[in-house]
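Read-outs throughout are calculated quantities, based only on the coordinates presented, and are distinct from any laboratory measurement. Remember, it's a predicted structure, so these values are computed and weren't measured experimentally. Reconstructed Cβ throughout: ideal geometry from the backbone, glycine too, with neighbour counts over all protein chains shown.
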Amino acid sequence: MKTKIREKIIASVMLGAFVLTNTMTGAFAMSDVYGGYAGGTDRPMLRSGDSTSLDIRSSVKIPNGNSVVNLSLRDADIKQVLRMFADQAGMNIIFSSSVDGTVTMDLVDIPLEEALNLVIKTNGLFYDIQANTLVVSNKDEAMSVASKGMTLIPVKYVNAAALAKFLNTNIFTKNGINPGVSTQPVVTINPATNELIVMGTTNDVEMAKRMVAQFDVKPSITTFKVNHTTPMEMASMICDSFLPSTISDGNEGGSSGGSSSSGGSSASGATGFAAGVVTGFASDDSSDSEDDSSSDSGSSGGGGGSISVGGGKMLCSAASSASASGYEGLPFKNLSVSYFPTLGTIQVIGGTPTQIDMIRDYIAANDKKTPQAYLEVQIISLSESGSKTFDNTWQFLSKNFSFNAGGGNGFATNPEHPIFFAGRGFESKSSSSSSSDSGSGSSSNSTVSFSKWSQSPQLVYAVNYLVDNKKGRVLANPRVLLTSGQNSVIDLTSDYVSKVTSEYLDNSSGSGSAQVQKEYDIANDNGIKVSITPFISPDGYVTLDINPNYATIKEQLYTKSETGNNDLAATLLQRRNLTLKGVRIKDGETLVIGGMIQESETKNVSKIPFLGDLPVVGMFFRSTGTTKSKEEMVIMLTPQIVVDTEDAVGNDTTL
């Protein structure tokens, strides 16, 4: 009796000392001396923004679980401790043969349910309640002891296979996050209906339902209207700016956790569902290389090409399949960006409110009217050419000797009245020569006669003096409306034949008449072509990248083909090209680009030997030809920035 009283007194003293020590420590920690905050008003906020806490504790409820436990034990038998808890809860208790060990504890004002969970978890045990009986066992034999059933849990919006893998890896695992939860995978799926099948205890079912309620949430659908930018360009900028490591067009998967899921893929045995994709609306898969039109609603797209919905197209999506610190992540598609060119809208499915706000601000900041400018281009090509010819020709005819001199041919005998050393002259009949034109095959005979000059000797002098002047002016004055940052092309060129090729066709019939085939090579760069890329700045200046090209036909070369025709072998162009980068012009002012001058001068002199070198009289035995040409191209650019009425009213310094 005295021993029991002594033990009770010792226990009471130890409990009182424990309570007093914790009370003083708590008061000391709250004071200003020990890092406290006066009045508790200056305490830092541990977490900013919205956050969600999910209770993953066991759903098993202990009778009288809120009753307070005050207990201090040293190396006590764990069975006796659990028996004390069962007595306080008014429950029966059964121990598995594997339950063994001791426990040391000091508990003050702890609810009974919390005390039970702490002891069970600390010693690696598992408990279940059946018929008001607390069944305690080791974790390894928990599945064989607990009462299990099969429960179907529907999943509406996310991939059931991914959710089942998350539960089996993170919740129902050997290490167990809390007592009362199965320590082995208990969740599988029904891919046909996208359901979870829980083969576990009632507590396991409740835990799975909590997870489904938390993650199986209908994603938000937000539509943004685009006024001044094409939906495809704006959607591309959003994908590149906010989702740099995502799937683009459903074809590529980015790094850093980006992954792609398409209809028909399987994950952990589940087929027919795309992870995180809302089910119940039509989507069809179209390939740009095969057909740009969308399929009827209700068809589902397979893997491969981009997804098209009602005339729209999904451009990119973000999904994460990364795991951290041994835990399995949820590979749900949390955001996808689509655009609808016919409606002028961009649709974002999923995403957090913060992401949606960022996208909204991004569209508002960048969906601005693109500056435009009215550009007047004047291209003037001036050409001037002239020639002066002074030609002297001498001809002498006699009975035995005749010649021609001058005229640019030098000194030569007369072809009809050559030098005769003997004889009276004769007629020569040449062989028949064939000339064909497009396969006509016609032939003719020619006769050449050589005879002595029968009349008295004659000396003939002829002079040819010619002055020729030519002037030309080509003017192109196009007016175009330019958009800042967009390339514009003014094309005033024409087609021309650059080459002609003639050849005989095979005559398989043996009729003897061959057909001639001609091939014409057509080019299209004869004329004026101007490429312009502007940048219109808010300060009233227009910066241009301009590339004017002007080409004219200078010469055409002919050669004899295998058919005997003179075919066009090549066409030579005279080009004047100019490339200017970053030319800055103020609004309304004119930039003149000149100085592109090409000037040439040619002088040809032919003379009769000896006679042409005589002073004064030698001019009558010389032939002179002088040719001069001068060409100049002038380009004038006058931009005028276009200002809308509403822009002029709301004109300010902000973009």
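Under 11 Å from the Cβ of ALA551, count the other residues' Cβ atoms, weight Lys and Arg +1, Asp and Glu -1, and hand me the total.
Numbers: positive: LYS529, LYS554, ARG575, ARG576; negative: ASP525.
Once all neighbours under 11 Å are counted, the net charge is +3.
If you take the Cα Rg of segment 148-215 and divide it by 2.2 N^0.38 Å, with N the number of residues, what do you get? Intermediate results must be reported in sequence, preceding the final value.
Numbers: Rg = 10.8 Å, N = 68, 2.2 N^0.38 = 10.9 Å.
Ratio of Cα Rg to 2.2 N^0.38 Å: 0.99.
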Checklist entry - Do any GluC sites (Glu not before Pro) in segment 498-588 lie in a DSSP loop with no more than 11 other beta carbon atoms within 10 Å, and if so, which? => result GLU562
Item to check | Environment charge of PRO478, counting only residues whose C-beta is closer than 12 Å and scoring Lys/Arg +1, Asp/Glu -1 | outcome: 0
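Can you tell me the dipole magnitude for segment 148-215 around its Cα centre, using point charges on the Cβ only (Lys, Arg +1; Asp, Glu -1), in Debye to the nearest 20? Walk me through the numbers before you get to the answer.
Values: 6 positive and 3 negative charges, 15 e Å.
With only Lys, Arg, Asp and Glu charged at Cβ, the dipole is about 80 debye.
Tally Lys and Arg at +1 and Asp and Glu at -1 over the other residues with C-beta under 14 Å from the C-beta of VAL68: what net charge comes out?
Values: positive: none; negative: ASP109, GLU113, GLU114.
Charge balance in the 14 Å sphere: -3.
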